[in-house]
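Note sheet for the following structure.
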Amino acid sequence: MAVLSSQPQPSDTQTVPRHVAIIMDGNGRWARSRGRPRTMGHRAGVEAVRRSIEASVELGIQYLTLYGFSTENWKRPESEVSDLMGLLRLFLKRELATLHKNGIKVRIIGDRERFDDDIRALLAKAEEQTEGNTRLNLTIALSYGARAEITCAMRAIARKVASGEISADAITEDMIEQNLSTVGIPDPDLLIRTSGEQRISNFLLWQSAYTEFVFDDVLWPDFDRSHLEKAIENFAGRERRFGAVI
C-alpha cells in the first residue's frame, strides 16, 4: 500500500457515503476462470483490499468495513483455510506500518477465539497501534457472523435482566446496539457486494436496516477505484427516506 496524499479527493458531483461496507466475493471464480487454484484468487483479492483502502481514503470515506472471513468459511477445505490464515498473517505483518502511517484506525469484529495465538496477537497489535488514528476507520470482519453477533448481544442483555440490573421492559434498540461488536461505528450507508451475487450472507444484519445495496458483477480481485466510484454514484442518485415520507 502506498503512502497516501494528505487531502481526500471526492468528486464534486457525488455525495460520498460516510460508511461503506463491502462483501468481497469472487476470488474462487476469478482463479477458476484463469485455470488457477483458488489460493491465487485469494492472493489477488488482497491487492483489491489495498486498492479499496487507498481509494476510500482518497474519496473521503470515513468508515470502511470489509467482510474478510465469515463463520461459515471455517467449513471450507482445511488447505484453503490454512492458506487464508497465511495471507491474513502476511497482510497484518506487511501492511500494519503503512496503515498506521496513513492514519488508518484498524478494528476487528468477529470471534477471535478460533484463530491461532499468533494471529490473535497480530490482530490485537493492529488495533492497539492504530487506536489514535482518525483518517479512515477500517473495520475487518473475521470469523464473523451477524446472527452470532446478535445472539451474543442478547445473552449479555439477558444476563443483566437475570441479575436484576435491568428489567426486560428497559431493553431498547440503543441497548442492543451498545452490545453489538460494532458499537461506536455508524450504520453502513452503502453496502457493496461483488461477483454478481445478490444476498448479504449473514453480514451486518442489524446494522443494515436502512443501508443502500449495490450488487456489482465484477469479481473481487478486479475491483478497483472505478468500481467504488460507480457504486457511490449509484448511491448518490437514491433518495433515502428512512421510512418517512418526504
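Coordinate-derived values only; no laboratory data. Quantities reported herein were computed from a predicted structural model and do not represent experimental measurements. As a convention, Cβ positions derive from the backbone with ideal geometry for all residues, glycine included, and neighbour counts pool all protein chains shown.
Before moving on, here are some points about what is shown:
- Yes/no for PHE235 being of a type in the set (Phe, Trp, Tyr) and without any contact (Cβ under 8 Å) to a residue 24 or more places away in the chain: no
- Going through (1) more than 27 Å from ALA148 (Cα to Cα); (2) crowded, with 21+ Cβ neighbours inside 10 Å; (3) out of contact with any Gly (no Cβ under 6 Å at 6 or more places or on another chain) one by one, ARG36 falls short only on (2).
- Hits in region 214-233 (condition: in contact with a Lys or Arg (Cβ under 8 Å, 6 or more places away or on another chain), more than 10 Å from THR194 (Cα to Cα) and not in a loop (DSSP other than H, G, I, E, B)): ARG225
- Looking only at region 124-156, residues that are in a helix (DSSP H, G or I) and surrounded by fewer than 20 Cβ atoms within 10 Å (Cβ to Cβ) come to 14 in all.
- Residue that is surrounded by the most Cβ atoms within 10 Å (Cβ to Cβ) [pool: residues in region 181-190 that are touching a Ser or Thr at 6+ places or on another chain (Cβ under 9 Å) and within 16 Å of THR15 (Cβ to Cβ)]: PRO188
- Top-ranked residue of region 54-71 - restricted to ones that are over 11 Å from the mean Cα position of the chain (by Cα) and of a type outside the set (Gly, Ala, Ser), ranked as farthest from VAL20 (Cα to Cα): THR71
- If you filter region 95-112 down to residues that are touching a strand residue (DSSP E or B) at 6+ places or on another chain (Cβ under 8 Å), within 28 Å of GLU72 (Cα to Cα) and of a type outside the set (A, V, I, L, M, F, W, C), you find that the one that is surrounded by the most Cβ atoms within 10 Å (Cβ to Cβ) is GLY110.
- Number of residues in region 210-221 that are touching a residue at least 60 places away in the same chain (Cβ under 8 Å) and out of contact with any helix residue (DSSP H, G or I) (no Cβ under 7 Å at 6 or more places or on another chain): the value is 1.
- Of the numbered criteria (1) closer than 22 Å to GLU113 by Cβ; (2) buried (at least 19 other Cβ atoms within 10 Å of the Cβ); (3) out of contact with any Leu (no Cβ under 7 Å at 6 or more places or on another chain), the one PHE69 fails is (3).
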